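S.K.: Just dropping this structure here.
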Amino acid sequence: MQVTRELFDDVMVPNYAPSKVIPVKGEGSRVWDQEGKEFIDFAGGIAVNCLGHCHPALVQALTEQGSKLWHLSNVMTNEPALRLAKKLTDATFAEKVYFANSGGEANEAALKLARRWAIDNYGDHKTQIISFKKSFHGRTFFTVTVGGQAAYSDGFGPKPGDVVHAEFNDLASLEKLISDNTCAVMIEPLQGEGGIVPADHDFMQGVRTLCDKHKALLIFDEVQTGIGRTGNLYAYQGLDVIPDILTSAKALGGGFPIGAMLTTTDIAKHLKVGTHGSTYGGNPLACAVAEAAVDIINTPETLKGVLEKEQLFIAGLDAINDKYQVFCEIRGKGLLLGAVLNQTYQGRSREFLNASAEHGLMSLVAGIDVVRFAPSLIISEQEIKQGLQRFEKAVAQVVSA
Ligand SMILES: *Cc1c(COP(=O)(O)O)cnc(C)c1O
């Protein structure tokens, strides 16, 4: 069967608008399409491919587990899930793990747990959930309602209730909403989809203090920032703030779908037998691959490398900007970076993405004003340089258009 981009329009639900390019092979930070055209990958499948494409250790974990045991369901536990949970709890504040298959599902579990915790401990009035404008927490109806973009949650009928939104990086705005009826505050330590906006240090401290004062749980959505992306295994570890619940997905499986919710024993106990679940959550294939990914990412070499590569990216983007004056700011942390378009180029991030693709570079946007980069955490110095050369050509093309 001949597979073409037209086939997408014939057979797929039209909720996506994928590029014309159909990649067929990837290796490290390079990808090739049906025509054999090569791309350098600064997109990482939206901050997922933390070890690039087809990393030998992940391929080995997948194929080894793939010839042993694929699936059991949670009627039985399995070795890879328990090993991965042990490694995640050893490496973080958490003592307990719940496995899901995606970020949205991990967040759904976090929100349901927070509601159970609050109702069990304090009564039926304590159900309010506060998140932040422009935040993104997934596409299930609960998580999209908690997310801070009404455009994503409108039009589906009545929404889950008692959810409100404060301004990000504005403690007074949170202070106005929070009360003893607040059950949880959910936040990305660095807003990803919302435009690569890091939380200020003082703001984050203030959020923790307000949560403590009102006995509300602090939930860190680290679906995009987790697994080494910002130079720590999790971003909270660089912020002097410890959440009560943390969610992880995207890079956790290095490209194999998996999500996880991490928390303490005292909070976890409110998800008693039968209160929540998932058929695939914690399945042996996903957990075996994630364990191999965590083993490589959670090492001083890999994490230090992320910060070194960040410097290369920032220097390279600054040099391009000196020549073409397209950005007003490069922001983000580690290898989750956003080049913010200045006044002249506002609203045109997609043109930069499309031009990049023409010149053999896969990049991302984060809204209409930010070009986003989320490459492999082990991308080579040479690939960064080569990718930035391609990006410079793309910038030159947009500027001269
Ligand atoms: C991508 C993302 C999600 C949703 O993850 P899915 O795996 O698509 O469900 C949730 N939160 C954040 C911060 C994300 O970046």
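S.K.: Counting DSSP beta bridges in the chain, what percent are antiparallel, to the nearest 5?
M.R.: Of the beta bridges lying entirely in the chain, close to 65 percent run antiparallel.
S.K.: Restricting to Cα pairs below 8 Å that are 6+ residues apart, what does the relative contact order work out to for the chain? Please round to a whole percent.
M.R.: In percent, rounded to a whole number, it is 22.
S.K.: So, one more: Taking the 0 to 90 degree range and rounding to the nearest ten, how far is the long axis of helix 56-66 tilted relative to the main principal axis of the chain, both from C-alpha atoms?
M.R.: The helix 56-66 is inclined about 50 degrees to the chain.
S.K.: Here is a follow-up. What distance in nm lies between label points placed 7 Å from Cα along the C-beta direction at residue 399 and residue 35?
M.R.: 2.7 nm
S.K.: For the stretch 227-282, evaluate the Debye formula with one uniform point scatterer on each Cα (no solvent term) and list log10 I(q)/I(0) at q = 0.28 Å⁻¹, rounded to two decimals.
M.R.: The Debye formula, applied to the Cα set alone, gives -1.18.
S.K.: Would you work out what percent of the accessible area of the chain, with all protein chains in place, is carbon or sulfur (probe 1.4 Å)?
M.R.: The value for the chain is 55 percent carbon and sulfur by accessible area.
S.K.: Still on this structure: For the stretch 188-232, what size does the Cα cloud have along each of its three principal axes, sorted from largest down, in whole Å?
M.R.: 31, 19, 17 Å, listed from the longest principal axis down.
S.K.: Right, here's the next one. If you bin every alpha carbon distance in the stretch 57-297 into 10 Å steps from zero, what whole percent lands in each bin?
M.R.: All Cα pairs considered, the percentages come to 8, 34, 36, 18, 4, 0.
S.K.: Just the C-alpha atoms of the stretch 277-360: what Rg/Rh do they give, with Rh taken as the Kirkwood radius?
M.R.: Value, to two decimals: 1.15.
S.K.: Using 0.36 nm per residue of separation minus the Cα-Cα distance, give me the extension gain between residue 299 and residue 181 in nm, one decimal.
M.R.: Length gained, residue 299 through residue 181: 38.4 nm.
S.K.: Right, another one. Could you provide, to the nearest whole Å², the per residue accessible area of the chain with probe 1.4 Å?
M.R.: 45 Å²
S.K.: Give the calculated FRET efficiency between residue 121 and residue 201 to the nearest 0.05, with a Förster radius of 30 Å applied to their Cβ-Cβ distance.
M.R.: 0.50
S.K.: Something else: How far, in nm, would the chain grow between residue 164 and residue 77 when pulled straight, counting 0.36 nm per residue and subtracting the alpha carbon separation?
M.R.: Going from the current span to full extension adds 27.6 nm.
S.K.: Mind listing which GluC sites (Glu not before Pro) in the stretch 17-99 are in a DSSP loop and have 16 or fewer other Cβ atoms within 10 Å?
M.R.: 35, 95
S.K.: Suppose R0 equals 41 Å; then what is the FRET efficiency for residue 70 and residue 172 from their Cβ-Cβ distance, rounded to the nearest 0.05?
M.R.: In this case the efficiency is close to 0.20.
S.K.: In nm, what is the difference between 0.36 nm times the number of residues separating residue 27 and residue 140 and their Cα-Cα distance?
M.R.: Stretched out fully, the residue 27 to residue 140 stretch lengthens by 37.5 nm.
The values are calculated or read from the model by the stated rules, or taken from the named source; none is laboratory data. Everything quoted here is computed from the prediction, not taken from an experiment. Reconstructed Cβ throughout: ideal geometry from the backbone, glycine too, with neighbour counts over all protein chains shown. With ligands, DNA and RNA removed, areas are computed over all heavy atoms of the protein, side chains included. Shrake-Rupley method; radii C 1.70, N 1.55, O 1.52, S 1.80 Å.
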